[in-house]
1. Does anyone have the angle between helix 247-284 and the longest principal axis of the chain? Alpha-carbon axes, 0 to 90°, nearest 10?
2. How big is Rg to Rh over the range 158-231, alpha-carbon atoms, Rh as the Kirkwood inverse-mean-distance radius?
3. Can you tally the net charge around Thr98? Count Lys and Arg as +1, Asp and Glu as -1, for every other residue whose Cβ sits under 12 Å from the Cβ of Thr98.
4. Rounded to a whole number, what is D in µm²/s for the range 16-258 from Stokes-Einstein with the Kirkwood radius over alpha-carbon pairs (4 °C, 1.567 mPa s)?
5. Using a cut-off of 11 Å between beta-carbons, work out the net charge of the residues near Thr200 (Lys and Arg +1, Asp and Glu -1, Thr200 not included).
6. Return the tail of the calculated pair distribution for the range 4-123, meaning the percent of Cα-Cα pairs more than 23 Å apart.
7. Measure nothing fancy, just the Cα-based angle from helix 103-114's long axis to the longest principal axis of the chain, in degrees from 0 to 90, nearest 10.
8. With axes computed from alpha carbons, what is the tilt in degrees of helix 313-322 against the longest principal axis of the chain, rounded to the nearest 10 within 0 to 90?
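No value in this document is a laboratory result; all are computed from the given coordinates. Just so it is clear, the structure is predicted and the values come from calculations on it, not from any experiment. Every residue, glycine among them, receives a Cβ derived from its backbone with ideal geometry; neighbour counts consider all protein chains shown.
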Amino acid sequence: MKEIYLDNSATTKICEEALDTYVKASRMTYGNPSSLHGLGFEAEKILTTARAQICKSLGARGADVIFCASGSEANNLAILGRAYSKERYKKGAKIITTDGEHASVNEPLEKLRREGFRVVKIPTKHGILDMDRLKEELSADTILVTMMMVNNETGALYDISAVSRLVHTVCKDALVHVDATQSYMKLPFTKAALGADMITLSSHKIEGPKGVGALLIDESVKKIKGLSPIILGGGQEGGYRSGTENVPGIAAFGAAAEVGAVTLKERFLRMDELRTRLIMGIKARDTLCGISITEPESHAPHILNITLPKIKSETMLHYLSSLGIYVSSGSACSSNSGHISSALVAYGRTPEEADYSIRISLSARNCEEDIDELLSALESGISKLARVK
């Protein structure tokens, strides 16, 4: 049975360049990068190379890369590390986010709220960030604005550049953190263009290995001591993240970033074409007229969320899986929780509609035939599952 993988927002297939780099580093460079002998030095050189590859991919001069075990950890470091960086912040400093964030942002913020921090969520209805509300909420006690660049469930694209300009103009002491895990190597952007002080990246979202993430921080964050470590120990990663680094994984992450940067424009156009083909295919087939498409005006090229006609997302997901077609019912990190998607509700879907929605996420590896087979499978699935119901 042919495999059609359309769950690339959950994870991507590792590219050959990253896999080869991982294997080579595992076999040849097995030293601890903190060791003071030759093997340790060779391992440290790999980390230095990977940092340079990632910085180059974002045109990030004057920045440092802190390697973590995941994008989720990088988000936690940015949020908790910022909140705990100054003792005075614990008296009730304000942190601003959006109402449709990933759990790795929501959960640390909820922890901080319980500790006395003020957390404000800006609406994102129909995939539009309420900039007027953001401006109203910015105040002298705001220490952090943290939000995703691309919503991992709706594909909505937010203007982080405008957010950064506003925040840095109104709140001189506030930092801007952007979760770029769904935009890095999907959309062309640079650190300078975003204007963010901290950027979260994830290896397995860009055809690198799992178990590696990074937080890119501006030099100014270090100068003002605006970030504290949340994992303590041997002081690796410049003291920001203790624990022996995953050298093979980091090497492969750097390789994936280097390859991805070269082919980014081509892949962006390819994914956008496939997304358009999928939308037009749904609209053109009478048998799919009951599907409601989530179409934010500003969107990423690789994510499309659709709401099925009275068929639970999990039911359709399993039907498609039986045909070798793999999609998701939302964020892979929360799909097993049984909770209704807060991102879809924030967008404007009802809880019932959110329960009937599936996410299709593309890669440049997909082809027109994949889209056409998905459309046919949705037709047969709606017909059969509606009868069963």
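1. 30
2. Working: Rg = 13.2 Å, Rh = 13.3 Å.
We get a ratio of 0.99 for the range 158-231.
3. Values: positive: Lys121, Lys125, Arg133; negative: Asp99, Glu101, Asp130, Glu137, Asp179.
Summing Lys and Arg as +1 and Asp and Glu as -1 gives -2.
4. Values: Rh = 18.2 Å.
The Stokes-Einstein estimate is 71 µm²/s.
5. On the way: positive: Lys205; negative: Glu73, Asp179.
That works out to -1.
6. On the way: 3842 of 7140 pairs.
Considering the range 4-123, 54 percent of its Cα-Cα pairs are separated by more than 23 Å.
7. 60
8. Helix 313-322 and the main axis of the chain meet at about 80 degrees.
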